[in-house]
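A.B. asks: I have a structure here, written as structure tokens, and I will follow up with some questions on it.
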Amino acid sequence: MALEKSIIQHWRDTDIVLLGGSAGSFKLFYQIVKSIDPDINKAIVIVMHRKKNYFSEIEKLFSEHSRIYLKEIADKDVISKNAVYLAPANYHTLFENEGYFSLDVSEAVWYSKPSIDVTFESAADIYGERCAAILVSGANQDGAEGLLKIKSNGGLAIVQDPRDAEMAEMPQSAIDINAAGYILSTAQILELIRS
Amino acid sequence: MKTDTLTGITTEQLDELIGLIKGVHGFDFGDYSKASLKRRVTRVINLKKLGFYDLKHMLVNDADFFQHFLEEVTVNVTEMFRDPTFYKGLCSQVVPYLSTYQHIKIWSAGCSSGEEVYSLAILMREAGLKRKSFIYGTDINTEVLKEARKGIYSFKRIKSYAENYVFAGFNGSLTDHFTVMYDAATIHNELKQNTLFSVHNLVSDGVFNEFQMIVCRNVFIYFESKLQEHILDLFYNSLCPHGFLCLGSKETIRSDAFRKKFKVINSRENIYQKIGS
């Protein structure tokens, strides 16, 4: 199904895109990162639940297969467009302002650090309608509240169709609290990213 | 106007609170990182079910509440052997150097409930250097310091650090350093010896001793660059020549002035060494 014009219009007006996911999100994020245009003119931030103490190959794998600049976030890193940023394990990622990130080690949210809620809420606060967030597969409720905040602040709130998600709980939780501005199939999400 | 959740505060309100706290209590949060502080203040408001005006009123008129507020807004989440690779780096790159000193003074700045101080105490003991080392732990939060002095943690909590300990490459298990009774794990007395916990505010207090190593991890993330530089200066002046500075694994020295004053020893773990005198 073709994307609604209103989504594409709003998407064009965003400066930042947030991707949140947990169990079952890796494959989709990998596909997204692989297909992102290096001149997308937006900053992309990926918040994926991950375990501390295990050096994941995610950064390596992602950057080897993407054409866009990719980096794991360090405290006070400058936020640039045409770059993909990965939230580090065992920290929450916040937006200090539109200029740079801030990290935080406070309590886990939904047993998760990084928590998707924390990053989404912070982005909603800083970017308002100029941010888009996509919540995908996962086996807990993290991200739903944050997505609701994005939506309430005028941002583009997108949820992966739970029928397409490997783990439906995370997108379904967002739908249940009416946080989804749009529910898109995996194919539509990829189409939007490439639009 | 953008607000921070239904019961949250705006950036303007946060600035107002910062001004109020500075004026009434002398604590300066002006150069703290706003994103995190806003989240912490919102948390207090929600926890206490306060309105913004109630919060202001209580901050001005209720001294006990202010103390409590201070404890709640500062982040006290810590682990023993957080980032095991950092401790590995210490063992291989710093400890051999420290062992040449007659006395080793270490400052754990922003020590919270003491987990880092006791991790360092265990590390020094394993390296055979415990008897000639002295570890100072400081924090602005008096309540967490009480916990740190006791050195008693829930057994569940200690068990959750077990993996860190193993990954850091030590022999045996973390619980070997504790006396466990029911759910309480008490750090061995020997490890408590030569430690001292006291209040110190990195924002406003100055040099109080000279150290061979300063460990300040996941504290800079709460500060703006200007304040980070102020504290780097404090650390520089508190270190002996060639003394070591350890920051968190996501915290780097960004200021050009200070990059010239510190040599990078381990870029992944952000371990630095003071250059010059």
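The values are calculated or read from the model by the stated rules, or taken from the named source; none is laboratory data. No experiment lies behind these values; they were computed from the predicted model shown. Here the Cβ is made from the backbone with ideal geometry for all residues, glycine too, and neighbour counts use every protein chain on show.
A.B. asks: Name every residue in the range A:49-76 that is assigned to a loop (DSSP other than H, G, I, E, B) and either among the β-branched types (Val, Ile, Thr) or away from chain B (no Cβ under 13 Å) (or both), in order of residue number.
C.D. replies: If the condition is that a residue be assigned to a loop (DSSP other than H, G, I, E, B) and either among the β-branched types (Val, Ile, Thr) or away from chain B (no Cβ under 13 Å) (or both), then A:His49, A:Arg50, A:Ser56, A:Glu57, A:His65, A:Ser66, A:Arg67, A:Ile68, A:Ile73 are the ones that fit.
A.B. asks: Please state which of the following conditions B:Ser154 fails to meet, knowing it meets all the rest: (1) more than 14 Å from every other protein chain (Cβ to nearest Cβ); (2) buried (at least 17 other Cβ atoms within 10 Å of the Cβ).
C.D. replies: (2)
A.B. asks: Any residue at all in the range B:125-142 that is without any contact (Cβ under 8 Å) to a residue 40 or more places away in the chain, of a type in the set (A, V, I, L, M, F, W, C), away from chain A (no Cβ under 14 Å) and farther than 21 Å from B:Thr74 by Cβ?
C.D. replies: yes
A.B. asks: Separate question: Give the range B:192-211 a look and list any residue that's closer than 21 Å to B:Lys130 by Cβ and surrounded by fewer than 21 Cβ atoms within 10 Å (Cβ to Cβ), or say none.
C.D. replies: The answer is B:Lys192, B:Gln193, B:Asn194, B:Leu196, B:Ser198, B:Asn209, B:Glu210.
A.B. asks: Oh, and also: Look at the range B:228-275 and say how many of its residues are more than 22 Å from A:Ser102 (Cα to Cα) and of a type in the set (Ser, Thr, Tyr).
C.D. replies: 2
A.B. asks: Next question, about the same structure. When you check A:Asn41 against the structure, is it of a type outside the set (Val, Ile, Thr), surrounded by fewer than 21 Cβ atoms within 10 Å (Cβ to Cβ) and more than 9 Å from chain B (Cβ to nearest Cβ), yes or no?
C.D. replies: yes
A.B. asks: I need the full set of residues from the range B:228-258 which are surrounded by 18 or more Cβ atoms within 10 Å (Cβ to Cβ) and among the acidic types (Asp, Glu), in order please.
C.D. replies: B:Glu251
A.B. asks: Restricting the range A:110-128 to residues that are of a type in the set (Phe, Trp, Tyr) and part of a helix (DSSP H, G or I), which is nearest to the other protein chains (Cβ to nearest Cβ)?
C.D. replies: Among residues in the range A:110-128 that are of a type in the set (Phe, Trp, Tyr) and part of a helix (DSSP H, G or I), the one nearest to the other protein chains (Cβ to nearest Cβ) is A:Tyr127.
A.B. asks: Can you name the residue in the range A:110-126 that is buried (at least 24 other Cβ atoms within 10 Å of the Cβ) and more than 19 Å from A:Lys52 (Cβ to Cβ) and, of all such residues, is modelled with the lowest pLDDT?
C.D. replies: The qualifying residue modelled with the lowest pLDDT is A:Asp125.
A.B. asks: Does B:Phe29 meet the test of being closer than 30 Å to B:Ile152 by Cβ and either touching a helix residue (DSSP H, G or I) at 6+ places or on another chain (Cβ under 6 Å) or part of a helix (DSSP H, G or I) (or both)?
C.D. replies: Against the criterion (closer than 30 Å to B:Ile152 by Cβ and either touching a helix residue (DSSP H, G or I) at 6+ places or on another chain (Cβ under 6 Å) or part of a helix (DSSP H, G or I) (or both)), B:Phe29 does not qualify.
A.B. asks: Against the definition (at pLDDT 95 or above and more than 14 Å from chain A (Cβ to nearest Cβ)), how does B:Val203 come out, yes or no?
C.D. replies: no
A.B. asks: Further, regarding this structure: Only one residue in B:Ile231, B:Ile253, B:Ile214 is of a type in the set (A, V, I, L, M, F, W, C) and in a strand (DSSP E or B). Which one?
C.D. replies: B:Ile214
A.B. asks: Going by the conditions given, is B:Tyr136 within 16 Å of B:Phe81 (Cα to Cα), assigned by TED's automatic domain parsing to the domain that holds B:Asn209, among the hydroxyl-bearing types (Ser, Thr, Tyr) and surrounded by 18 or more Cβ atoms within 10 Å (Cβ to Cβ)?
C.D. replies: Judged against the criteria, B:Tyr136 is not a match.
A.B. asks: If you scan the range B:161-183, which residues turn out to be assigned to a helix (DSSP H, G or I) and exposed (fewer than 14 other Cβ atoms within 10 Å of the Cβ)?
C.D. replies: B:Asp176, the sole residue that qualifies.
A.B. asks: Output yes when any residue across the range A:95-109 is in a loop (DSSP other than H, G, I, E, B) and crowded, with 22+ Cβ neighbours inside 10 Å, and no when none is.
C.D. replies: The answer is yes; a qualifying residue exists.
A.B. asks: Which ones in the range B:207-258 are of a type in the set (Lys, Arg) and within 11 Å of chain A (Cβ to nearest Cβ)?
C.D. replies: Matches in the range B:207-258: B:Arg217, B:Lys250, B:Arg254.
A.B. asks: Something else: Which of the residues spanning the range B:259-277 are crowded, with 16+ Cβ neighbours inside 10 Å and away from chain A (no Cβ under 14 Å)?
C.D. replies: B:Lys261, B:Phe262, B:Ile265, B:Asn266, B:Ile271, B:Tyr272, B:Gln273, B:Lys274
A.B. asks: Sort through B:Ser249, B:Ser225, B:Ser238 and tell me the only one that's more than 14 Å from the chain's Cα centre (by Cα), in the same structural domain as B:Asn141 (by TED's automatic domain parsing) and modelled with pLDDT under 95.
C.D. replies: B:Ser225
A.B. asks: Which of the residues spanning the range A:129-162 are assigned to a loop (DSSP other than H, G, I, E, B), surrounded by fewer than 24 Cβ atoms within 10 Å (Cβ to Cβ) and more than 10 Å from chain B (Cβ to nearest Cβ)?
C.D. replies: Listed by number, the residues that qualify are A:Ala139, A:Asn140, A:Gln141, A:Asp161, A:Pro162.
A.B. asks: B:Asn141 fails exactly one of the following numbered conditions: (1) out of contact with any strand residue (DSSP E or B) (no Cβ under 7 Å at 6 or more places or on another chain); (2) under 23 Å from B:Gly89 (Cα atoms). What is the number of that condition?
C.D. replies: It is condition (2) that B:Asn141 fails.
A.B. asks: Select from the range B:110-131 the residues that are outside any helix (DSSP H, G or I), of a type in the set (A, V, I, L, M, F, W, C) and buried (at least 24 other Cβ atoms within 10 Å of the Cβ) and list them in ascending order.
C.D. replies: Once the filter is applied, which keeps residues that are outside any helix (DSSP H, G or I), of a type in the set (A, V, I, L, M, F, W, C) and buried (at least 24 other Cβ atoms within 10 Å of the Cβ), the range B:110-131 yields only B:Cys111.
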